[in-house]
Amino acid sequence: MPFVQSLINDYRHQTRLYKFIADPPTTTMQRLKGLTTGSLPTFVDAGSNFASSEINEDNIIQQLINNNKSVVFMGDDTWESLYPGRFLRSYPFPSFNVFDLHTVDRGVKKHLLPEINAEDYSLLIGHFLGVDHCGHRYSPDHPAMANKLTEMDDVIRSVVENLDNDTILIVLGDHGMTKTGDHGGDSQSEVNSALLLHSMRPKVWSEDQVLKQVSQIDLVPTLAPLLGVPVPYSNLGALITVVAFEHKAVDADMLLLKALAANQHQISNYLLHYNQISNDLPGPEMAVFNEMESSMQPSSSVSKPARLKQADRYLRYMKKAKEMCQRIWAKFDINLMLIGCLQVLYTILLHAMSLWGVTQSSTSYEVCLCQLALTFTSLVVSYLATPALYSAIIQSFLFTLCIVICLSSRQKVQGASLADLLSLACLAGLCLCSLSNSLLVYEDKCSHYLTQSVLLLTWLTHVLTIIKRDLPKGKDRNKLSTCLVKVGKSNSTYLLFSLSILVRLGHVFGACRKEQEGCEVSLFFTPLSSLHGELGTYKSIRFWLMSVPAVVLPVAAVRRVLTVRGHLNGRSPLTLAATYALPIISFLVIFDWAAGNAIALQVWQRTLFARAVYFIAIGTVILAFSWPKAIYSLSNSSRTIEYDGSVSSLYNYLKRSLESKASENSHPLVYGLGIIYSAVYIIMATTLALVLLMIAGDGMACSLTFLFCTLLLYLDLHQFVIKQQTDSSITSALCWYLIAKYFFYATGQQQTITSIRWDAAFHGFAQDHSSHIVPAILLFASTFSSQILCSLLLPMLLIVTESPQSIVRSLQVCPPRSISGLGEITLVEQEPETRQRLLRLFIAYLLSHLCKSFASLGAAVLLRRHLMVWKIFAPAFIYEGASFIVTSLACILSYMLFMRITRSLQTYLSKFSLVHSD
């Protein structure tokens, strides 16, 4: 900052600049709390950033009010939530929209100078946000950041020119910033910021000591004596000793020593009362503090060296107190932890019993009743606050009773295949990663390895089936070589090869954690609007050769599949949506990305395309639930349909019927009926994928496209495998889960607070939201896009087992052929069995998520005193829990869609008598 540097050069006797050290984690609410109370922020305080509540803890604002002094505020409206009704005058402005660089700053500049010249206040607070938002949106090296810093220079210059001799200017940053513009971790670039103290008086600072850095919470005990108010009760900061105090009758050094004594006494009083209430502070350390305190008796008769020595004792006492509180601040309720762990563990075991047929059927109410009983008991036990051992005994007894009830009506337990056991071993390996901080840091690579392993396992299952079927029992090398050649030319081999390439390419879009040494942030994370200068060529190449094809090609492929399968004929609402809505959404997504790069456009113009995408996508979803039949019926005069499942034969029959002008008694022809389930799910998934692509941004578009293609290719591989063996829902569900888990990282996410893309909450909206519902939906959709897409398409693992044609084969016009069976209509005719298989599939998939969540929970509990608990293990548990909730909601929506299609088809088919002819 040029002006700040010149300010230091011109007013060396008036200005001090320090490195301002913030205690991580670095988020807005926690920083404001630390700056006003002097207390240490905690990890749990991070939740208050989303719904900031009033701070009732003693703070500098309240102390000023108690002493008949006034505070004027302008800027970030978070202050109004934290200190409602505390300001003499307040000018709050909406602050959550990171795309808005100017609204808050312009509002502060408008009121700043007039308020400086007023004389009815003791403290004036101006909270600018432009630099912070500019870092989030463009990164620190963007030209927009230089413009913002120049603007702040002008503000500081104008403030200095209007200061009087009785005013101190304090300019500070509440946190730092990484190279990508983020903050929230504990790296040096994030916790370090600048603190500038400036006064017009020639002698304000003590020249005996020069501090290089101060802690953020040290500002409160420094401001309190300057403003003539007591230090807040829960403060743990120490006075900045270079500040000198003026008094006509008392020496400045003696005033400083008295201020330090008051600061130390306040901290000692706080530790004493805190220890009486919680009894958490270590006894030996408290004894040391008592000994240190007994030697601290300030006296006005001691020499200056003795005063400096006494001041050093005060500072050492306060430093040790702060370090002790930082070390033991976290409190853990072992009883509640144990209850929660047992609740999740017994839930896993209970539903695993249902999965393997211990209960009478997957649709039995036994599991639901037992789950409700376990949940109710856990709530009662936690409310009674019983000892941990008693809680475990009560829950274990109830779970044993549930097992006895289930076993009393059990059928023959279903055995697990070798493929199922190996898949479970892969899941167990992923869960064990949660116990190691190094493996958890590199979990993206672990999930990549395990995903490839399960894909290979699925292929090997198919290969072994072919070898076992085609290879004779005798040893014949010619037959063996012929069989291996057949395996090499098999479609499943090509599918495995394609899947491996897509999964490996997804790794290019992975994000970096700070703990991953040698990891470089990819340019794919940088939006188009932030690419400038030498990156202009890369910007054009990425947009036209990667981003645009990532949207257009999947839509073209899906339309081709639907056309060949016969779903784009007729005028049904869902058919019209698939015909016109998908291309329109794809082009709107491209226009939205281009508009975000056009700075000259007005705000409403940049948000128009995104809102249009939301509107059309919501309409398509409503159509899918209201009229879930993408079919074309030619005649309804007869109640009998001759159907063989072949699209081409139906087309030929339709052509002959039109040419011969069939009579009123001809059979009705229904086009696309045999693959009606897959059509609806493909339309829904494509619509959702386009919305997620838009929110993710042009840089991450290819990663989500790779995910979508991976899911469709795996469905074909699964279809090949299922034809050769019986139910493989466990292996396929586990592989489906691992794909979702891996692409969570491959879409640029990490299990850290700093990796959250807050800008997704405002995609398509110009101003702050009136509620937290819409931004929460957009934020969760952006963060857990892979889980949402996989959960929606999960029933396709069941649907493709009855589909007459694979998805890849549908990309080409197939020759006429006869396919036995009624295709996906079989799922309607065998509804009880279909529902049981579907529930089994959902249970296996959700249990995979729950096992990983339990592993993260157990790791957070067992390693609660680990050095990395708040940096690695706790965020991982939060992410896994949120992922499970989002996945469960998406699975419920997917299940409801399946049942809606079933009910609609049952109503439709009740009018006819299906006749199958080969």
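The values are calculated or read from the model by the stated rules, or taken from the named source; none is laboratory data. Computed from a prediction, not measured in an experiment: that's the story for all the values here. Don't worry about glycine lacking a Cβ; one is built from the backbone with ideal geometry, like all the others, and counts go over all protein chains shown. SASA here: full protein model, heavy atoms, side chains in, ligands and nucleic acids out. Shrake-Rupley method; radii C 1.70, N 1.55, O 1.52, S 1.80 Å.
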Can you work out D for the stretch 739-812 in µm² s⁻¹ from Stokes-Einstein, where Rh is the Kirkwood radius over C-alpha pairs, the temperature is 25 °C and the viscosity is 0.890 mPa s? 165 µm²/s
Add +1 for every Lys or Arg and -1 for every Asp or Glu among the other residues with Cβ under 15 Å from the Cβ of ALA594, and state the total. +1
List, in the order given, every pair from LYS468/LYS852; LYS489/LYS629; LYS514/LYS741; LYS514/LYS539 whose Cα-Cα distance in the structure shown is over 32 Å. LYS468/LYS852; LYS489/LYS629
Does the stretch 65-134 classify as rounded, prolate or oblate by the C-alpha gyration tensor (a ≥ b ≥ c root eigenvalues; a/c under 1.5 gives rounded; else a/b over b/c gives prolate, otherwise oblate)? oblate
Using alpha carbon centers only, the stretch 338-354 is separated from the stretch 551-613 by a whole-angstrom value of 44 Å
Within the P(r) computed for the stretch 131-171, what percentage of the Cα pairs occupies the region above 16 Å? 47 percent
Check: C-alpha center the stretch 832-908 vs C-alpha center the stretch 682-753, spacing in Å is 15 Å
Roll a 1.4 Å probe over the protein chains and send me the accessible area per residue for the stretch 691-763 in Å². 19 Å²
Restricting things to alpha carbons, tell me how big the stretch 106-176 is in terms of Rg and Dmax, in Å. 13.6, 41
Lys and Arg at +1, Asp and Glu at -1: add these up for the other residues within a Cβ distance under 13 Å of ALA428 and post the number. 0
What accessible area per residue comes out for the stretch 487-635, rounded to a whole number of Å², with a 1.4 Å probe? 49 Å²
Ranked packing of 620-628, 855-863, most packed first, by mean Cβ within 10 Å: 855-863, 620-628
Per-residue accessible area, 1.4 Å probe, largest first, puts ARG504, ARG835, ARG106 in the order ARG106, ARG504, ARG835
